[in-house]
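Chemist: Here it is: the structure, laid out below.
No lab work stands behind these numbers, since they all come straight from the coordinates. Not measured: the values here are computed from a predicted model. Using ideal geometry, Cβ is built from the backbone for each residue, glycine included, and neighbour counts are taken over all protein chains shown.
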Amino acid sequence: MKTGNDKAIVEIQLKRKVRSHIDIRSRCHFSLPVVTFVPPNLDDGTPFPTTYWLTCPLLVQRVSALEASGMVKVFDEIIQRKGNLRTLWKKRQKTYKKERKLLENRSDSISPKGGVGGTLDHIKCLHAHLADELATGKNPIGQTIESLIGGYDCTVPCVKTEGSEIKFNSDWKNKW
């Protein structure tokens, strides 16, 4: 569903107003936003450490379930040990930080620090890692999360239009 009103759709998905310009970086099989780009500073100047924000309610719920089951700690323990995932994760943290630096365009703004999710030395938010992976294809933690939760399997879109109104689709359900 491409309505030309991605901001309204994202606000419905998030159940709140967005605080900056958005740019959709990933869409689902219904062409609805899944990941949006967020600038380093919000419209009011607030630093924002997360470049890509997960908006899809299905994926947000599934990642939240992983976090509730303790997977942040599991991933954090894995990346503290030497190994391939740690090496790939550290590489992505460094490239993410460099990419963020290139986005800074206001000399009077406070720059967010850190890598994915605002941190360089541990895992903080699995949602941020999945959003980064879906937007860039560069995040090894996000790749693992995606393999754990599966793809999009909604049978109806989470947002629908009725006439000129865009609203949450009450027929949408997360079956996982």
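Chemist: Answer with one residue from Ile79, Gln61, Ala128: the one whose Cα lies farthest towards the positive end of the charge dipole of the chain, charges on Cβ with Lys, Arg +1 and Asp, Glu -1.
Modeler: Value computed over the given set: Ile79.
Chemist: Pop a pseudo-label 7 angstrom from the Cα along the beta-carbon direction at both Asn174 and Ser111 and give the gap in nm to one decimal.
Modeler: 3.5 nm
Chemist: In what sequence, highest mean first, do 120-131, 41-52 appear when ranked by Cβ atoms within 10 angstrom?
Modeler: 120-131, 41-52
Chemist: Please report the base-10 log of the normalised intensity I(q)/I(0) for segment 6-164, using a Debye sum with one equal scatterer per alpha carbon and no solvent, at each q in 0.16 (1/Å).
Modeler: Rounded to two decimals, the profile gives -0.92.
Chemist: Counting only helical runs of four or more DSSP H residues, what would the 222 nm mean residue ellipticity of the chain come to if each run contributes -39,500 (n - 2.57) and the total is spread over all its residues? Display every interim value, and only then the final one.
Modeler: Working: 6 runs with 72 residues, N = 176.
Mean residue ellipticity, 222 nm, calculated: -12500 deg cm²/dmol.
Chemist: Just subtract the alpha-carbon distance of Ala8 and Val156 from 0.36 nm times their residue separation and send over the number in nm, one decimal.
Modeler: Extending this stretch completely gives an extra 51.4 nm.
Chemist: Please state the shape class of segment 89-172: rounded when a/c is under 1.5, otherwise prolate if a/b exceeds b/c and oblate if not, all from the C-alpha gyration tensor. If you can, show how the numbers build up before the last one.
Modeler: On the way: a/c = 3.21, a/b = 1.56, b/c = 2.05.
Verdict is oblate for segment 89-172.
Chemist: Based on Cβ point charges of +1 for Lys and Arg and -1 for Asp and Glu, what charge dipole magnitude is obtained for segment 1-81 about its Cα centre, in debye rounded to the nearest 20?
Modeler: So the dipole magnitude of segment 1-81 works out to roughly 220 debye.
Chemist: Once you sort the root eigenvalues of the Cα gyration tensor of segment 1-77 as a ≥ b ≥ c, which label holds: rounded (a/c under 1.5), prolate (a/b larger than b/c) or oblate (the other case)? Intermediate results must be reported in sequence, preceding the final value.
Modeler: Working: a/c = 2.30, a/b = 1.30, b/c = 1.77.
It is oblate, given that a/c is not under 1.5 and a/b is not larger than b/c.
Chemist: With +1 on the Cβ of every Lys and Arg and -1 on the Cβ of every Asp and Glu, and nothing else charged, how large is the dipole of segment 6-164 about its Cα centre, in debye rounded to the nearest 20? List each step's numbers first, then the result.
Modeler: Details: 25 positive and 17 negative charges, 121 e Å.
In debye, rounded to 20, segment 6-164 gives about 580.
Chemist: Please tell me which of these pairs span more than 21 angstrom C-alpha to C-alpha: Lys101/Lys138; Lys138/Lys167; Lys17/Lys167; Lys94/Lys124; Lys90/Lys138; Lys91/Lys138?
Modeler: From the list (Lys101/Lys138; Lys138/Lys167; Lys17/Lys167; Lys94/Lys124; Lys90/Lys138; Lys91/Lys138), the Cα-Cα distance tops 21 Å for Lys138/Lys167.
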